[in-house]
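Student: What follows is a structure written as structure tokens; I'll ask about it next.
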Amino acid sequence: MARSRSSSSISSRWRYCNPAYFLKRPKRLALLFIAFVCCTLVVWDRQTLVREHEVEVSDLNEKMTRLQNMLEELKGISKDVGKTVKDDPIEAERREKVKEAMLHAWTSYEKYAWGFDELQPQSKNGINSFGGLGATLIDSLDTLYIMGLEEQFQRARDWVADSLDFNKDYDASVFETTIRVVGGLLSAYDLSGDKVFLEKAKDIADRLLPAWDTPSGIPYNIINLANGNPHNPGWTGGDSILADSGTEQLEFIALSQRTGEPKYQQKVEKVILELNKTFPADGLLPIYISPDRGPGTYGTITFGAMGDREMWETSMKGLLSLVRRTKPSSFAYLCEKSGDTLSDKMDELACFAPGMLALGSFGYGPGNSEKFLTLAEDLAWTCYNFYQSTPTKLAGENYFFHSGEDMSVGTSWNILRPETVESLFYLWRLTGNKTYQEWGWNIFQAFEKNSRVESGYVGLKDVNTGVKDNMMQSFFLAETLKYLYLLFSPPSVISLDEWVFNTEAHPLKIVTRGDKMDKGKTVDHQKPNIKFRSRKQGRPGDY
């Protein structure tokens with residue numbers, strides 16, 4: 001009986017394998033079919049996912065292998081560069097020559113004019129051209145630091161801390177004091193991190209601020225440092241000078257960034273807003289502007305003495321209208337404009353324009369970029385020939401251009417100006433073309449031959465005869481020698497990606513304006529990377 005029940009149970013289990021069982025029960029057949037389909041779909045989906053995963057893993061492995069290979073190649077290249085590329089020996093030698101020239105100029109100043117504004121090398125005495133603010137000393141701080149003249153820098157720093165006093169009954173030029181003193185002190189602070197420079201910069205800036213208290217916000221050009229009384233020189237007819245009003249923004253915005261006090265930035269930015277109210281269609285503002293009414297009248301327009309550029313895009317269109325070329329050599333030059341009249345005259349001071357144009361060209365698309373860079377190179381060639389066209393190989397103060405005659409020197413003195421070597425520095429940095437280094441070296445040698453004396457460097461009364469004057473301008477140490485030194489230094493030394501030069505060639509650390517001012521934070525101080533590494537080659541060949 002038990003065996004019969006067991007046999008019956010086994011038989012009942014096997015009936016599910018008999019198709020006839022399901023044919024007689026269609027509902028169970030349907031359920032079985034649905035279960036089969038579901039299982040099939042699940043298995044198929046899993047297999048598909050596995051295959052896709054395997055493909056992705058395979059692709060990732062291939063990419064990882066390629067990246068590893070690239071990394072190994074880069075490591076190999078890095079090792080090769082470290083082994084084979086060195087500081088150019090010619091550049092290093094020239095750099096040391098410029099450094100020795102700076103040391104000669106500075107040692108002479110230290111010996112004969114310590115604490116004075118400028119040295120008179122021939123008579124070996126100091127003179128206070130700027131009210132006794134130690135102009136040469138402050139102008140030289142960053143140059144000494146960049147060149148690694150540490151002992152000289154420290155002695156200058158101690159003089160600033162112990163002896164520099166701005167409480168003087170002296171009518172100071174707002175422009176000159178800003179670019180030389182405020183700029184020089186801020187640069188020394190950015191380079192060294194020593195807060196004594198920032199404190200002194202704030203002191204002198206506070207004494208200059210009342211110059212901006214005018215109906216239009218356009219500043220007066222002169223202010224008494226002791227009592228704060230501002231005014232303009234009589235020879236301007238009561239007007240302010242554009243180059244003064246439109247040049248002080250960099251230093252005062254930088255001061256606000258570093259102190260967290262917005263008042264400096266607010267004063268100088270109001271000037272730009274005022275200029276923009278009646279900005280001319282050709283972008284060329286006159287050199288004189290009323291501090292009461294703002295820019296309303298139009299006078300002489302020049303890119304040389306007392307002129308400057310505003311609102312870049314529009315102004316460049318106006319600049320192009322001033323470009324002329326000589327015959328027979330096709331030297332490019334910038335005319336001066338008075339009303340509707342163009343004058344075929346160009347100051348050596350306007351030789352900052354090639355560097356300006358070269359910098360600005362990199363903000364355009366390919367077509368305009370090439371156009372402005374070419375113009376920059378053409379103007380630099382003209383400025384270099386200002387030097388090469390005289391017996392001393394030093395440029396006069398200005399040049400005239402006549403029909404059938406390339407150029408002739410007008411005012412024939414040379415006071416050690418930096419504008420041409422400034423542009424050569426920018427063009428070399430931006431293009432890598434070593435021709436600009438050669439031109440700069442030729443100019444430096446001309447200074448050494450004609451301007452170097454026992455007790456410093458002097459200008460020439462006449463570049464045709466070589467007769468010397470008796471003044472070592474402070475900007476020779478601040479600008480001319482600094483730009484020449486950087487012309488023969490690797491681009492990592494005061495990189496243009498991290499530093500911006502003011503009018504007096506004082507490098508200021510680039511800081512994002514909005515973030516710092518909105519939060520009231522001061523600039524994070526980091527010392528610059530002043531190391532001599534291999535330079536990146538640019539465009540080869542001569543101009």
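The values are calculated or read from the model by the stated rules, or taken from the named source; none is laboratory data. Just so it is clear, the structure is predicted and the values come from calculations on it, not from any experiment. Heads up, the Cβs are rebuilt from the backbone with ideal geometry, glycines too, and the neighbour counts pull from every protein chain shown. Just the protein is used for accessible areas: all its heavy atoms, side chains included, with ligands, DNA and RNA removed. Shrake-Rupley method; radii C 1.70, N 1.55, O 1.52, S 1.80 Å.
Student: Tell me, what ³J(HN,Hα) does each residue in the range 113-121 have, in order and in whole Hz, if you take phi through Karplus 6.51 cos²θ - 1.76 cosθ + 1.60 with θ = phi - 60° and put x for Gly and Pro?
Tutor: 3J(HN,Hα) across the range 113-121, in whole Hz: 9, 4, x, 7, 6, 8, 9, 9, x.
Student: If you don't mind, there's one more thing I want to ask. Round to a whole number: what % of the accessible area of the range 142-271 belongs to carbon and sulfur, probe 1.4 Å?
Tutor: Here carbon and sulfur together make up 44 percent of the probe-accessible area.
Student: Further, regarding this structure: Tell me, what % of the accessible area of the range 428-473 is carbon and sulfur with a 1.4 angstrom probe? Can you show the working numbers first?
Tutor: Values: 730 of 1630 Å².
Carbon with sulfur: 45 percent of the solvent-accessible area.
Student: So, one more: In square angstrom, what is the accessible area per residue of the range 100-190 with a 1.4 angstrom probe? Provide the component values of the computation, followed by the final result.
Tutor: Values: 3010 Å² over 91 residues.
Accessible area per residue, the range 100-190: 33 Å².
Student: For the residue pair ARG155 and ILE510, what label-to-label distance in nm results when each label sits 7 Å from Cα along the Cα-to-beta-carbon direction?
Tutor: Going from the ARG155 label point to the ILE510 one covers 3.6 nm.
Student: Each residue of the range 238-255 in order: what ³J(HN,Hα) in whole Hz does its phi give by Karplus 6.51 cos²θ - 1.76 cosθ + 1.60, θ = phi - 60°, with x for Gly and Pro?
Tutor: Karplus values, whole Hz, x for Gly and Pro: x, 8, 8, 9, 4, 4, 5, 5, x, 10, 8, 4, 4, 5, 6, 5, 4, 5.
Student: Can you list residues whose amide H is under 5 Å from GLU336's amide H, if they're 5+ apart or on another chain and H is modeled 1.01 Å from N?
Tutor: Placed amide hydrogens put SER343, LYS345 under 5 Å from GLU336.
Student: Of the accessible area of the range 313-375, with the probe set at 1.4 angstrom, what percent is carbon plus sulfur?
Tutor: On the way: 1470 of 2770 Å².
Carbon and sulfur together cover 53 percent of it.
Student: Here is a follow-up. For the range 447-489 and the range 326-366, write down the distance between their C-alpha centroids in whole Å.
Tutor: If we compute the Cα centre of each part, the gap is 25 Å.
Student: Taking the simple approach of a point 7 Å from Cα along Cα-to-Cβ for both ARG324 and PHE36, what is their distance in nm?
Tutor: Computed distance between label sites ARG324 and PHE36 equals 10.0 nm.
Student: Can you work out D for the range 101-253 in µm² s⁻¹ from Stokes-Einstein, where Rh is the Kirkwood radius over C-alpha pairs, the temperature is 37 °C and the viscosity is 0.692 mPa s?
Tutor: Translational D for this selection: 204 µm²/s.
Student: Residues with amide H under 5 Å of ASN433's amide H, sequence separation 5 or more or different chain, H placed in the peptide plane at 1.01 Å from N; which?
Tutor: ARG539
Student: Amide H neighbours of SER240 under 5 Å, at least 5 residues apart or on other chains, H built in the peptide plane: list them.
Tutor: Excluding prolines and chain starts, which carry no amide H, the hits are ILE289, SER290.
Student: Could you report the range 423-481's accessible area per residue, 1.4 Å probe, as an integer in Å²?
Tutor: On the way: 1680 Å² over 59 residues.
Using a 1.4 Å probe on heavy atoms only, each residue of the range 423-481 averages 28 Å².
Student: How much accessible area per residue does the range 234-275 have, in Å², with a 1.4 Å probe?
Tutor: Per residue, the range 234-275 has an accessible area of 33 Å².
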